[in-house]
Amino acid sequence: MSYIKIMVHCVWRTKGNKPVLVTEKRNRLFEHILENAKKKEIFIDTLGGHTDHIHCLINLGSGQNIAEVMKLIKGEATYWANKENFIPGKLEWAEDYFAASVSETALDKVREYIKNQEEHHRKMTFAEEYEKFIKSYGFRLG
């Protein structure tokens, strides 16, 4: 038997950074994302977010890759939300996303960070947060 633990912190945003994920809607969407992920054998460790974006800590399975998992999560969430008339207009995600591996020693810190998005975004906008992630991991913007 193979034992695999590849933890990845993923972040994606609504198209145009629209703040459509108000608390009650966001919680309902999270419930749906978790149910759908379980059916597709995607292990979501922690899920959180704010009005215009979502953070997700995922344990990738042996046959999974991040592009496939992100497509499944984002695509199905959009399909469901629009079928349910979840928000006025349509829920759309930006095409880009952030994903970085998380070491075993940093897991608890990342989990707390994801769980405390409401508090975190009282001090920093999503644009500032995203730029910070991109720079801290050595990616180039644009």
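The values are calculated or read from the model by the stated rules, or taken from the named source; none is laboratory data. For clarity, every value in this text was computed on a predicted model and none was experimentally measured. Note: ideal-geometry Cβ built from the backbone for every residue, glycine included; neighbour counts use all protein chains shown. Protein only, heavy atoms only, side chains kept; ligands, DNA and RNA dropped before computing areas. Shrake-Rupley method; radii C 1.70, N 1.55, O 1.52, S 1.80 Å.
Loop-located trypsin sites (Lys or Arg not before Pro) across the stretch 94-129 with a Cβ neighbour count of 10 or fewer within 10 Å are R122, K123, with loop assigned by DSSP. Estimated purely from DSSP H runs of n ≥ 4, each contributing -39500 (n - 2.57), the mean residue ellipticity at 222 nm for the chain is -13000 deg cm²/dmol once divided by its residues.
Residues of the chain were split at every exposed loop site, defined as chymotrypsin sites (Phe, Trp or Tyr not before Pro) in a DSSP loop with at most 12 other C-beta atoms within 10 angstrom, and the longest piece left, sites excluded, is 4-136. Going by a ≥ b ≥ c, the root eigenvalues of the Cα gyration tensor, does the stretch 53-107 fall in the rounded group (a/c under 1.5), the prolate group (a/b larger than b/c) or the oblate group? Prolate is the answer for the stretch 53-107, as a/c is 1.5 or above and a/b outweighs b/c. In the chain the Cα-Cα distances spread across 5 Å bins starting at 0 as 2, 9, 20, 24, 22, 14, 7, 2, 1, 0 percent of all pairs.
Couplings for the stretch 49-63, taken from phi via the Karplus curve 6.51 cos²θ - 1.76 cosθ + 1.60 with θ = phi - 60°, read x, 9, 5, 10, 7, 10, 10, 8, 9, 10, 9, 5, x, 4, x Hz in order; Gly and Pro are left as x. Scan the stretch 1-103 for GluC sites (Glu not before Pro) in coil per DSSP, keeping those whose Cβ has at most 12 other Cβ atoms within 10 Å, and list them by number. Filter output for the stretch 1-103: E41, E84. For the charge dipole of the stretch 23-72, defined by +1 on Lys and Arg C-beta atoms and -1 on Asp and Glu C-beta atoms about the Cα centroid, which residue among L29, A67, C56 has the Cα displaced farthest towards the positive pole? Looking along the dipole axis, the top candidate is L29. Derived scalar couplings between HN and Hα for the stretch 13-28 equal 10, 6, 4, x, 6, 5, x, 9, 9, 5, 3, 5, 5, 4, 4, 5 Hz in order, rounded to whole Hz, by the Karplus curve 6.51 cos²θ - 1.76 cosθ + 1.60 (θ = phi - 60°), x for Gly and Pro.
Accessible surface computed residue by residue for the chain, with neighbouring protein chains in place and a 1.4 Å probe, gives 61 Å² per residue. Heavy-atom surface analysis with a 1.4 Å probe gives the stretch 48-142 a carbon and sulfur content of 51 percent of its accessible area.
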